[in-house]
């Protein structure tokens, strides 16, 4: 019997990789807005999937496999975190 799970994927640049979008947000919005105590901003991507699977492990594997097969992120420059909720 399958259940529906919410599977969230958070993709971020690795710490050593530049983050031009985060740098721009920090310089042009945060600092100009008067928030000098904020020292940096890193951006990322958030994906939310609804997945039918037998259990949480299977739901996580489906999303892990599709992220790798479809190159949703680049493992050379990105880190990723997969979170499974519900069921």
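Only the coordinates and a few stated rules stand behind these numbers; no lab work does. Remember, predicted model here, so these are calculated numbers, not experimental data. Neighbour counts are summed over all protein chains in view; Cβ atoms, including those assigned to glycine, are modelled from backbone coordinates with ideal geometry.
Quickly work out the residue 71-to-residue 38 label distance, labels modelled 7 Å from Cα along the C-beta direction, and quote it in nm with one decimal.
Here the modelled spin labels are 3.3 nm apart.
Using only the alpha-carbon atoms of the chain as identical scatterers, what base-10 log of I(q)/I(0) does the Debye formula give at q = 0.11, 0.18, 0.25 Å⁻¹?
-0.43, -0.79, -1.11
Hey, what angle do you get for helix 56-69 against the long axis of the chain, alpha-carbon based, 0 to 90 degrees rounded to 10?
The angle comes out at about 60 degrees.
Nearest 500 deg cm²/dmol is fine: what mean residue ellipticity at 222 nm does the chain get from its DSSP H runs of n ≥ 4 alone, each adding -39,500 (n - 2.57), divided by its residue count?
On the way: 2 runs with 19 residues, N = 87.
That comes out to -6500 deg cm²/dmol.
Would you mind calculating the relative contact order of the stretch 1-64 from Cα pairs under 8 angstrom and at least 6 residues apart, reporting the percent as a whole number? Please report the intermediate quantities before stating the final value.
Details: 76 pairs, mean separation 33.8, N = 64.
The value is 53 percent.
Using the eigenvalues of the Cα gyration tensor, what equivalent ellipsoid semi-axes result for the stretch 36-87 when each is taken as the square root of five times the eigenvalue, whole Å, largest first?
27, 15, 8
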